Amino acid sequence: MHDLVLKGGRVIDPAQNIDRVTDVAFADGKVAAIGDGLEGRDTRDCSGKIVTSGLIDLHTHVYAGHTSIGIEPDPYALATACTTLVDAGTAGPANFDGYRRHIVEPADVNIVSFINISFAGIFAFSKTVMVGECDDFRLLHSESCLEAIERHRDIICGVKVRIGMTASGGKGAAPLDIALEVADAAGLPVMCHLDYPPPSRSETLARLRKGDVLTHCFRPFPGAPSHYDGRVREEVLDARERGIIFDVGHGGGSFGWKTAEAMLENNFAPDCISSDVHSLSIEGPAYDQLVTMSKFLRLGMSEAEVIRASTQGPANAISRPELGSLAIGTPGDASVLSLEEGDFTLRDVKGLERQHGQHFRAHGMVMRGSWRATLPAIA
């Protein structure tokens, strides 16, 4: 007799090439079995629902109450059935100890983090004040960042750097070079944000290594990964060939329908789908992980492809493949989703709208082998 069984859902686990209606069982906080006719002390009827390994939002900002950009992690997780949130560098070396103590450790949801190369992290991001943390080179202290990584290796998955006119005051690729040096010393990947140039997209991609993440990969012009006529840019194709990971990171300025349509028409799907949810983007047009995932259904990706980019893809990007699968013995995290039918308006960061007849909704989630009821949808 298992502790918990999810009965009769459509189990989609791309990591194991599973896509069929069956049961999933949990025991002792881990996945115990996948198969028909399983029984448990707690049984949840998932008929007509999709059951996946726990969704992972690869790009969030959850340093709530201590930074203007942060949102509360647990309510967001319960609204989206995300069992793992990856904080994309909200905290830096100066405040990572406090971030861990006040946010990561008390949270019910699993939180993994990129540490910001900037000493202060993302300290001034709001509707009224916007100061890029890489605009002042005095904040880019390599030794401090490396020391913080060594103190928190269990929850740090990489180094985050934000470059461009907004994030680094047009200082080119120098902050990225500093972040890459720290990441190389620590044996970790870099997640790179690029907003308005400089530096250019080609300068940035040329520096990235296999396993590094380019977030905001479907930005609208300028900085789009496609030519204006829709062709994928040569440096983007070369970067994928070299093993660079392409992450959506929707946010408030980094998803354009025209860009995304051009990329998918050229068979260039993202490796990872993420929301870049923060105190501004949660009000739209990104809203959350499920809204972002639904946009890629509209772009022609299948349910299984979208789920792969929200489970196995990000799990591999943070070097925690066990979080991206329902294989027996993996952590007992799962997401239960419904695919709602209707007429839904989906908006990009430029205000362009597309209609679609389906939308992912959270129905429930399992964390550490125990059922969690989800909250009402954000959007």
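Scanning region 272-315 for residues being of a type in the set (Lys, Arg) and in contact with a strand residue (DSSP E or B) (Cβ under 7 Å, 6 or more places away or on another chain) gives a total of 2.
Conditions tested, residue by residue: (1) surrounded by 20 or more Cβ atoms within 10 Å (Cβ to Cβ); (2) part of a helix (DSSP H, G or I).
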| site | (1), (2) |
| --- | --- |
| 76 | yes, yes |
| 86 | yes, no |
| 94 | no, no |
| 113 | yes, no |
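Condition check ((1) more than 22 Å from residue 215 (Cα to Cα); (2) out of contact with any Lys or Arg (no Cβ under 6 Å at 6 or more places or on another chain); (3) assigned by TED's automatic domain parsing to the domain that holds residue 96) across all residues:
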{"site": "13", "(1), (2), (3)": "yes, yes, no"}
{"site": "20", "(1), (2), (3)": "yes, yes, no"}
{"site": "25", "(1), (2), (3)": "yes, yes, no"}
{"site": "29", "(1), (2), (3)": "yes, no, no"}
{"site": "39", "(1), (2), (3)": "yes, yes, no"}
{"site": "62", "(1), (2), (3)": "no, yes, yes"}
{"site": "65", "(1), (2), (3)": "yes, yes, yes"}
{"site": "74", "(1), (2), (3)": "yes, yes, yes"}
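Look at (1) farther than 14 Å from residue 81 by Cβ; (2) crowded, with 22+ Cβ neighbours inside 10 Å; (3) among the acidic types (Asp, Glu) and you find that residue 333 fails only one, number (1).
Checked against the criterion of being part of a strand (DSSP E or B), over 18 Å from residue 189 (Cβ atoms) and within 12 Å of the chain's Cα centre (by Cα), region 266-281 contains one or more residues that satisfy it.
Yes/no per residue for (1) assigned by TED's automatic domain parsing to the domain that holds residue 312; (2) more than 20 Å from residue 325 (Cα to Cα); (3) of a type in the set (A, V, I, L, M):
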| position | (1), (2), (3) |
| --- | --- |
| 43 | no, yes, no |
| 59 | yes, no, no |
| 84 | yes, no, no |
| 91 | yes, yes, yes |
| 97 | yes, yes, no |
| 118 | yes, yes, no |
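The set of residues in region 28-58 that are under 20 Å from residue 362 (Cβ atoms), surrounded by 12 or more Cβ atoms within 10 Å (Cβ to Cβ) and small (Gly, Ala, Ser) comprises 48, 53, 54. Evaluating residue 173 against the criteria (1) of a type outside the set (D, E, K, R); (2) surrounded by fewer than 22 Cβ atoms within 10 Å (Cβ to Cβ); (3) over 24 Å from the mean Cα position of the chain (by Cα) leaves one unmet condition, (3).
Any idea which residue in region 125-149 is surrounded by the fewest Cβ atoms within 10 Å (Cβ to Cβ), counting only those that are touching a strand residue (DSSP E or B) at 6+ places or on another chain (Cβ under 9 Å) and more than 17 Å from residue 170 (Cα to Cα)? That would be 149. Scoring residue 134 on the criteria (1) in contact with a Gly (Cβ under 8 Å, 6 or more places away or on another chain); (2) under 30 Å from residue 361 (Cβ atoms) leaves a single failure, condition (2).
For residues that are assigned to a loop (DSSP other than H, G, I, E, B) and among the acidic types (Asp, Glu), scanning just region 331-352, find the one that is nearest to residue 21 (Cα to Cα).
Only one residue tops the list, namely 333.
Restricted to region 266-302, and to residues there that are without any contact (Cβ under 8 Å) to a residue 40 or more places away in the chain and surrounded by fewer than 19 Cβ atoms within 10 Å (Cβ to Cβ), the residue that is nearest to residue 123 (Cα to Cα) is 283. Filtered by the rule that a residue be surrounded by fewer than 15 Cβ atoms within 10 Å (Cβ to Cβ) and either at pLDDT below 95 or in a loop (DSSP other than H, G, I, E, B) (or both), region 353-379 gives 373, 376.
Listed by first and then second residue, the pairs linking a residue in region 238-258 that is under 10 Å from residue 205 (Cβ atoms) to a residue that is aromatic (Phe, Trp, Tyr), with Cβ atoms under 7 Å apart and 6 or more places separating them unless they lie on different chains, are 240/246.
Could you tell me whether region 228-237 includes any residue that is in contact (Cβ under 8 Å) with a residue 40 or more places away in the chain, assigned by TED's automatic domain parsing to the domain that holds residue 188 and charged (D, E, K, R)? No: zero hits. Taking region 187-198 as the range and being within 21 Å of residue 243 (Cα to Cα) and either surrounded by fewer than 18 Cβ atoms within 10 Å (Cβ to Cβ) or without any contact (Cβ under 8 Å) to a residue 40 or more places away in the chain (or both) as the test, the residues that pass are 187, 188, 190, 192, 194.
Within the span defined as region 319-330, one or more residues are surrounded by 18 or more Cβ atoms within 10 Å (Cβ to Cβ), under 19 Å from the mean Cα position of the chain (by Cα), at pLDDT 95 or above and assigned to a helix (DSSP H, G or I).
When each of 240, 219, 233, 209 is tested for being surrounded by 14 or more Cβ atoms within 10 Å (Cβ to Cβ), within 23 Å of the chain's Cα centre (by Cα) and over 24 Å from residue 131 (Cβ atoms), the lone residue that passes is 240.
The values are calculated or read from the model by the stated rules, or taken from the named source; none is laboratory data. Just so it is clear, the model here is predicted, and its values are computed rather than measured. Positions of Cβ are generated from backbone atoms using ideal geometry, with glycine treated the same way; all protein chains shown enter the neighbour counts.
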